[in-house]
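Here the structure comes first, spelled out in structure tokens, and everything after it is commentary.
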Amino acid sequence: MKKLYYNLVIFLGLVLPPLALLHYITQKGLQKSYFTSGCMPDIYNSRVNADLLFIGPSTTELELSPRIFDSTLKINSYNMGIAGQPFHLQKALFDIYIAHNRKPKTIVQCIGPFELAKARFLQL
């Protein structure tokens with residue numbers, strides 16, 4: 001039993017540091033990327049903190065203007081529409097948003113015909 005613990009500690013000591021380094025490099029890269037029209041740096045640096053948050057596909061990204069909502073409703077809104085991405089990726093972006101910004105008072109989730117479909121990876 002003692003040997004099992006010893007081997008486990010050695011294994012974790014060899015595996016976890018490279019994984020932690022990879023995680024750190026990936027997070028720093030995402031902070032500098034312009035994924036989804038440049039919103040990642042704003043999200044990671046806690047510059048959004050919106051009262052009204054728009055999430056959805058390309059129709060959200062292109063048709064809902066935060067400026068119009070801000071001027072009409074006198075609130076701070078932000079558009080996190082992602083062109084061509086299914087719901088699970090929109091949810092992942094929202095989870096990153098919540099980790100780095102305060103919760104919005106209202107969320108508008110726009111759903112089109114393809115957002116709830118199963119992802120079909122690697123099908124030709």
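The values are calculated or read from the model by the stated rules, or taken from the named source; none is laboratory data. Not measured: the values here are computed from a predicted model. A quick note on method: Cβ atoms are made from the backbone with ideal geometry, for glycine too, and the neighbour counts reach across all protein chains shown. Side chains are part of the model used for accessible areas, which takes the heavy atoms of the whole protein and leaves out ligands, DNA and RNA. Shrake-Rupley method; radii C 1.70, N 1.55, O 1.52, S 1.80 Å.
Going by the conditions given, is D51 touching a helix residue (DSSP H, G or I) at 6+ places or on another chain (Cβ under 9 Å) and among the charged types (D, E, K, R)?
yes
Among the residues of region 73-80, are any within 15 Å of the chain's Cα centre (by Cα) and open to solvent by 40 Å² or more (accessible area, probe 1.4 Å)?
Checking region 73-80: at least one residue is within 15 Å of the chain's Cα centre (by Cα) and open to solvent by 40 Å² or more (accessible area, probe 1.4 Å).
Among the residues of region 53-98, what is the count of those that are β-branched (V, I, T) and without any contact (Cβ under 8 Å) to a residue 40 or more places away in the chain?
Qualifying residue count, region 53-98: 4.
Tally up the residues in region 38-68 that are crowded, with 20+ Cβ neighbours inside 10 Å and at pLDDT 90 or above, please.
Residues meeting the conditions: 4.
Considering every residue within region 18-34, establish whether at least one is in contact with a strand residue (DSSP E or B) (Cβ under 6 Å, 6 or more places away or on another chain), surrounded by 11 or more Cβ atoms within 10 Å (Cβ to Cβ), among the hydrophobic types (A, V, I, L, M, F, W, C) and modelled with pLDDT under 90.
No: region 18-34 contains no residue that is in contact with a strand residue (DSSP E or B) (Cβ under 6 Å, 6 or more places away or on another chain), surrounded by 11 or more Cβ atoms within 10 Å (Cβ to Cβ), among the hydrophobic types (A, V, I, L, M, F, W, C) and modelled with pLDDT under 90.
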